[in-house]
1. When you look at R155, is it more than 16 Å from the ligand (Cβ to nearest atom), open to solvent by 40 Å² or more (accessible area, probe 1.4 Å) and not β-branched (V, I, T), yes or no?
2. Only residues that are over 23 Å from L447 (Cβ atoms), within 14 Å of the ligand (Cβ to nearest atom) and assigned to a loop (DSSP other than H, G, I, E, B): list them for the stretch 248-288, please.
3. From R190, R163, which residue is within 23 Å of L325 (Cα to Cα) and free of Cβ contacts under 8 Å to residues at least 24 places away in the same chain?
4. Name the single residue, out of those in the stretch 197-226 being among the charged types (D, E, K, R) and at pLDDT 90 or above, that is nearest to the ligand (Cβ to nearest atom).
5. Among the residues of the stretch 423-451, how many are farther than 30 Å from V227 by Cα, open to solvent by less than 30 Å² (accessible area, probe 1.4 Å) and touching a residue at least 60 places away in the same chain (Cβ under 8 Å)?
6. With the requirement that a residue be within 16 Å of the ligand (Cβ to nearest atom) and either without any contact (Cβ under 8 Å) to a residue 60 or more places away in the chain or assigned to a loop (DSSP other than H, G, I, E, B) (or both), what does the stretch 169-185 give you?
7. Hey, can you tell me all the residues within the stretch 378-401 that are surrounded by 14 or more Cβ atoms within 10 Å (Cβ to Cβ) and touching a Pro at 6+ places or on another chain (Cβ under 8 Å)?
Amino acid sequence: MAIQWSGLGPELLLRLDRDSGQPLRSQLEAGLREAIRGGRLQGGERLPSSRELARELGTSRGLVQECYSQLLSEGYLTSQVGSATRVAMGAYPAAAEPPQRPEPPAQLIADFRSGVPDLASFPRGDWVWATREACGSVATPDLDYGDPRGSAVLRGVLAAYLRRVRAAAADPGHMIVCTGFAQGVVLALRALAETGIRCVAFEDPGYGAADTSETVQAVGATRLRAVHVPVDDLGIDVAALDGSGAQAVVVTPAHQSPTGVVLAARRRHALVDWAHRNDAFIIEDDYDSEFRYDREPVGVLQGLAPGRVFTIGTTSKALAPAVRLGWILAPPSLTPGVAAQKRISDRGSSTLDQLALAALLESGRYDRHLRRMRATYASRRAGLIAALARHAPGIRLTGLAAGFHAVAHLPAAADEQAVVAAARERLVGLYGMDGFRAARVAGAPQLVLGFGQVSGRAIEPGIAAVADLLG
Ligand SMILES: Cc1ncc(COP(=O)(O)O)c(C=O)c1O
């Protein structure tokens, strides 16, 4: 029950700092909002009259009136003719207990987390430019709900781009713009489930192998059964896939996640052959193919068998996960099914963001950013190789062909989890292969070392700090 202050009303402790340079009105508004949110002023409580508060604070009455009327329009206050201004009922429930602030995570010397690009290098200026272009050029009818496959402009530009850089058999009519791989794979799997497919295979180890991965959790919501197929030095074991009963498989041929191996040429052909023989489908996760160092990039599998392969691409590695834009090149027979799933899911991705991406691609800014990032990651990769050679020469590093992670092979007797825990105590973020394995079957002890998020300068001290754990 709010206290009914009578008389002139209570004084209200609000501080105005005349030296701060911030306008007095903003300070007063912020002070009142904070008092209401924090429960100092509760629903129904009367505020001092504007004349009284102005006198207390030594300001003009007009300034207080403007401030009250702003908070009235925001719903923090109420007022009736002939009655005082009060705190609106239910504007903010009094906080019973102040919320606990989580402990800030300890500052690491180096964090070798994989999967995330260098966020500090996101091309902010280019994105601002592209967003302006998109906003300025979008036709008014295109602000409506559109084709669930996405903007025709972006699909046209992307198809040309993927034909050029990924040797894809890219037709804009069979492209569906989505929010990234996470959504793309779910849309493809749902469309496949609609055609009667019941079993999908994932690489093990793999992005979709760990039972905590979003992909595996999403598969749980379809009628599909998931099986896991081993990966060796040549990529996914196609013979094992053949015996698995799967009618669809999710693979990372250009740079296996997380082992980093490139699917060998004969396996690529065997995989496509498997799909043809079994009337099956391949979902190709083309997640970081933009970053390749020593050799020419391999083209997408989809170019070999466009009727059997979905290729899913994403801007999460090339730009940043926050962009949430990706694309699916679907087999022609399944394009309507995938488009229908996209429509059911969210009616289509943001047209403005799609137009911004199209502008980025067409203007060459996207390629310029990739060139810059390729050089950055190549130098970090060289730094990682050099730091390991210097501090832990016994450690073998593999999977360096592309992307921004590699695999460090620990001595056979090492305890992967103990190494990870001990490194954390020394403020170094290391991550085991364990988290990528299905059913947590123990394998050879390995670390997945990401260098997207660790600055070039932090690599050497990071590795030096854990060298004895590695060796
Ligand atoms: C193997 C792999 N594929 C795809 C992605 C990207 O997913 P999304 O496009 O949903 O951000 C990731 C992100 O970590 C990944 O590791």
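1. Judged against the criteria, R155 is not a match.
2. Scanning the stretch 248-288 gives P253, D286.
3. None of the others qualify; the one that does is R163.
4. It comes out as E203.
5. 3
6. Scanning the stretch 169-185 gives T179, G180, A182.
7. Within the stretch 378-401, just G399 meets the criteria.
To keep it simple, each residue is scored yes or no on (1) out of contact with any helix residue (DSSP H, G or I) (no Cβ under 9 Å at 6 or more places or on another chain); (2) within 30 Å of A218 (Cα to Cα); (3) buried (at least 19 other Cβ atoms within 10 Å of the Cβ).
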{"position": "P102", "(1), (2), (3)": "yes, yes, no"}
{"position": "F112", "(1), (2), (3)": "no, yes, yes"}
{"position": "A120", "(1), (2), (3)": "yes, no, no"}
{"position": "G146", "(1), (2), (3)": "no, yes, no"}
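The values are calculated or read from the model by the stated rules, or taken from the named source; none is laboratory data. These figures come from a predicted structure and were not determined experimentally. Please note: Cβ atoms are built from the backbone with ideal geometry, for glycine as well, and neighbour counts cover all protein chains shown. Quick note on the areas: whole protein, heavy atoms, side chains included, nothing else; ligands and nucleic acids left out. Shrake-Rupley method; radii C 1.70, N 1.55, O 1.52, S 1.80 Å.
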